[in-house]
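As structure tokens, the structure follows; a few thoughts come after it.
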Amino acid sequence: MNKDFKIYTKTGDKGETSLIGGTRVPKYHDRIEAYGTVDELTSYIGLIRDQEVDSKTSDSLIEIQDRLMTCASILATDCDNTNSNLPKISSSDIEHLEKEIDLMEEKLPSLNSFILPGGHQTVSFCHIARNICRRAERLSIKVYEQYKHNEIVNQYLNRLSDYLFVLSRKLSFDLNAKEIPWKARV
């Protein structure tokens, strides 16, 4: 990082921040909530990656973190007021998640009911990340309805939550953790 770059700017001390493009908005703005939640998700993905996971999973999680940084950039952009050349999410990013899901599912027992999150700390981290991802998706959809950012962000987050669920099952299998089916009391 450039030594002249300061992490603090003092421009947010009064409760506002800037979108990419320069528009000032309150820190509770829908865009800030959305990309802040994606940032939270990126951190949880890092926590999963810091567990004892195989190198293929770790590499996949690094790729996902990179794509989430792109999602956050898109959500942080004032689409009507920027000439910024930002990275993009593409259909191939979604296809990558789908291929990873399919590969993991090939080795897993079939699922006939919902399962209770847990069984191992690493598995629980996946479930927490999945829930944060669902929240990020809801917030991204809300931003999309107001500002029409690139809709593929919503699709990516939707598929990522599926990936995180299947990853939790894969890690349960790898770690010999017990999956407990949920049995509704009716």
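Each reported figure results from applying straightforward, stated rules to the coordinates on display, with no laboratory input. The shown structure was predicted, so the numbers you read here are calculated from the model rather than taken from an experiment. Here the Cβ is made from the backbone with ideal geometry for all residues, glycine too, and neighbour counts use every protein chain on show.
Quick look at the values:
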quantity: For T77, residues with placed amide H under 5 Å, excluding near neighbours; calculated: I20
quantity: Too-long pairs where the Cα-Cα distance tops 19 Å, listed order kept, from K56/K170; K107/K170; K99/K183; K99/K170; calculated: K99/K183
quantity: Nearby aspartates and glutamates by direct alpha-carbon distance to K178 (threshold 18 angstrom, same-chain neighbours under 8 apart not counted); calculated: E52, E105
quantity: Ranked list, fewest to most other Cβ atoms within 10 Å of each Cβ, for F165, F173; calculated: F173, F165
quantity: Total charge dipole magnitude, the stretch 62-186, about the Cα centre, Cβ charges on Lys, Arg, Asp, Glu only, Debye to nearest 20; calculated: 640
quantity: 5 angstrom amide H check on I180, placed H, neighbours 5+ away; calculated: L116
quantity: Stretch gain in nm, segment L108-E40, where the contour uses 0.36 nm per residue and the Cα spacing is subtracted; calculated: 21.6 nm
